[in-house]
Amino acid sequence: MLRRWNRNNGGVLCGIICVCFFSGCGFADLSPIGISTVPGVMNAVLPSAYSPVIVAFGAVMERTGAVELLRVSWSGGPVQGDVSWNGNSLVFVPAAGWTTGVRYELVLSGSAWALDGRELRVEKYLPFYAVSASGPPLVESFVPLDGASVGTSPGETQIRIRFSRTMDRLSTETAFTFEGAGKMSYTWENGDTLLAVQSEKNLAPWTVYRWSLDEGALGKDGVPLGKKTAGHFVTDGDREIPRVTAVFPMLRSGGTWLPSGGAIETDLGPGQGIGINFNKPMGEKVLRLLYFDPSLPGRAEFLSPSSLVFIPDRDPEPETAYTLTLGADAEDTGGMKMGDAFTLVFTADIPFLRVLSFAADGVPVFETGGAEPAVIRAPVDSAGGGALRFTLHFSLSFTTEAKKETVFRISLDPFFPGILPPVHLRYAKWLSDDRLRMEWEGLEAGTAQAHYYRLTLPGGKGGINNGQGMYPAGDETLYVEAVE
């Protein structure tokens, strides 16, 4: 027999089910799962570089699913770190530590289950910082401007970077690269907000140079640079090739080298230097690229940034053509080379010393200078001990010291016949700076047979010298026939 279902019966059944549920099966917790985090609010600042991010659950969670809820990232991507559990709290510690001032993001997203069967659904986003919430420093400006055309002088190739706030020197210098510049010097100005970088070598002309500053540069508070900055410039601003503009003789006066006013091709005198002017300031290398053919030893010195003087260790050879050469690698202070060697031919205004005339007493003056040694008939004073008196006229003046030495370098010797006795110098006197009076004794005049004597003035570099670097090209020789 079917029993009719009515409201009263339903109420009785419901009561039976409820009694069974609460007494026979236990209490079922249907409350939501609580969750809290560290950091707990947006834009919070963690106190240290290794402060943990903590997610505390209000229930015992199924751990694998709970871990998958957590993501920590920054503008560069996910943050790598270590995850562990402390009771019901999920703990995340960054492997490399937090970077000061960087904006990080804590994201909890998805579903997870508690062990009591409850489901946790969460969507939570929290930006945060570590140590400091101040924004990153920025590069406000730099020179030379990107792509600029500059010269190669230190002032033009110095890179100057202006920052938005005070920077840490060491990290900023380490983060800076300057391709091809070699060793660099760093100068900080304006409270370490302006950095000047200068290569310690001259940069090459007509070259592209690139530099960069990466995010490793830190502000004074440890916050890294907001973004990498880079630039480049071209050293083609100076397009004037260095060249020689003048070469001229120079005189030293009062410790200063001054132009003589003469022409280098013909007027370079003894004791003079050789001046060289350029169209622009030159580098030190130019001092080592000056050559002479035949060799002329000496040294080169700067008179000004665009001029130098070559100081010979000795005078050029008399009446000798020299070729001056300045190598093509000579370069200006900016590193630009001449490209072509400079050459110039000159003959120093330094003549050989010569005997212009021989004037023996009692005979006309004999002008020397023939190709062959001259033979001169000259009377001797037999009653006066066989004396021969004559005057030599030289082509150049002698200094006081040179006069003394020259007297003892001149010789008069018997030549023919071989039985003639030796002769001796009785006295010598300089009548002027270029005329020497001499008297020799012991000569014998020939009678049936001619008697010859040879007068010799030694030449060459080891011969007589006028004291100013001039000497005869070779031995000067005269033959004297002694007559009554």
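Observations
- Checking residue 182 against (1) more than 28 Å from residue 241 (Cα to Cα); (2) assigned to a loop (DSSP other than H, G, I, E, B), the condition it does not meet: (1)
- Residue list for segment 406-452, restricted to those being touching a residue at least 60 places away in the same chain (Cβ under 8 Å) and acidic (Asp, Glu): 444
- Screening 346, 352 for residues that are in contact (Cβ under 8 Å) with a residue 60 or more places away in the chain, open to solvent by less than 10 Å² (accessible area, probe 1.4 Å) and more than 15 Å from residue 443 (Cβ to Cβ) leaves exactly one candidate, 346.
- If you go through segment 347-389 and keep only what is within 30 Å of residue 248 (Cβ to Cβ), touching a strand residue (DSSP E or B) at 6+ places or on another chain (Cβ under 8 Å) and of a type in the set (A, V, I, L, M, F, W, C), you end up with 348, 353.
- Any hit, segment 458-478, residues being more than 60 Å from the chain's Cα centre (by Cα) and not in a loop (DSSP other than H, G, I, E, B): yes
- Taken over segment 355-365, residues that are more than 25 Å from residue 319 (Cα to Cα) and either open to solvent by 50 Å² or more (accessible area, probe 1.4 Å) or touching a helix residue (DSSP H, G or I) at 6+ places or on another chain (Cβ under 9 Å) (or both) amount to 4.
- Of the helices (runs of 4 or more DSSP H) lying entirely inside segment 62-178, those carrying at least 3 residues that are open to solvent by less than 60 Å² (accessible area, probe 1.4 Å) and farther than 30 Å from residue 190 by Cβ are 63-67.
- Criterion applied to 241, 264 was being under 20 Å from residue 306 (Cα atoms), of a type in the set (Val, Ile, Thr) and out of contact with any Phe, Trp or Tyr (no Cβ under 9 Å at 6 or more places or on another chain), and the one residue passing it is 241.
- In this entry, residue 73 is excluded by the filter for residues that are of a type outside the set (Val, Ile, Thr) and more than 60 Å from the chain's Cα centre (by Cα).
- Note on segment 313-343: residues that are within 38 Å of the chain's Cα centre (by Cα) and in contact (Cβ under 8 Å) with a residue 60 or more places away in the chain amount to 15.
- Evaluated against (1) small (Gly, Ala, Ser); (2) exposed (fewer than 14 other Cβ atoms within 10 Å of the Cβ); (3) touching a Ser or Thr at 6+ places or on another chain (Cβ under 7 Å), residue 185 falls short on exactly one condition, (3).
- Every residue from segment 188-204 that is open to solvent by less than 30 Å² (accessible area, probe 1.4 Å) and modelled with pLDDT under 90: 203
- Subset of segment 399-424 (residues that are surrounded by 13 or more Cβ atoms within 10 Å (Cβ to Cβ), under 60 Å from the mean Cα position of the chain (by Cα) and in a loop (DSSP other than H, G, I, E, B)): 399, 409, 410
- Residue selected from segment 368-390 under the condition touching a Leu at 6+ places or on another chain (Cβ under 7 Å) and in a strand (DSSP E or B), by the criterion modelled with the lowest pLDDT: 374
- Positions within segment 299-346 being under 26 Å from residue 255 (Cα atoms) and polar (S, T, N, Q), in sequence order: 304, 306, 307
- Scanning segment 425-453 for residues that are over 18 Å from residue 381 (Cα atoms) and either surrounded by 15 or more Cβ atoms within 10 Å (Cβ to Cβ) or of a type in the set (D, E, K, R) (or both) turns up 429, 430, 433, 434, 435, 436.
The values are calculated or read from the model by the stated rules, or taken from the named source; none is laboratory data. Please read these numbers as outputs of a predicted model, since none were measured by experiment. Cβ sites come from the backbone with ideal geometry, for glycine too, and all protein chains shown count toward neighbours. Quick note on the areas: whole protein, heavy atoms, side chains included, nothing else; ligands and nucleic acids left out. Shrake-Rupley method; radii C 1.70, N 1.55, O 1.52, S 1.80 Å.
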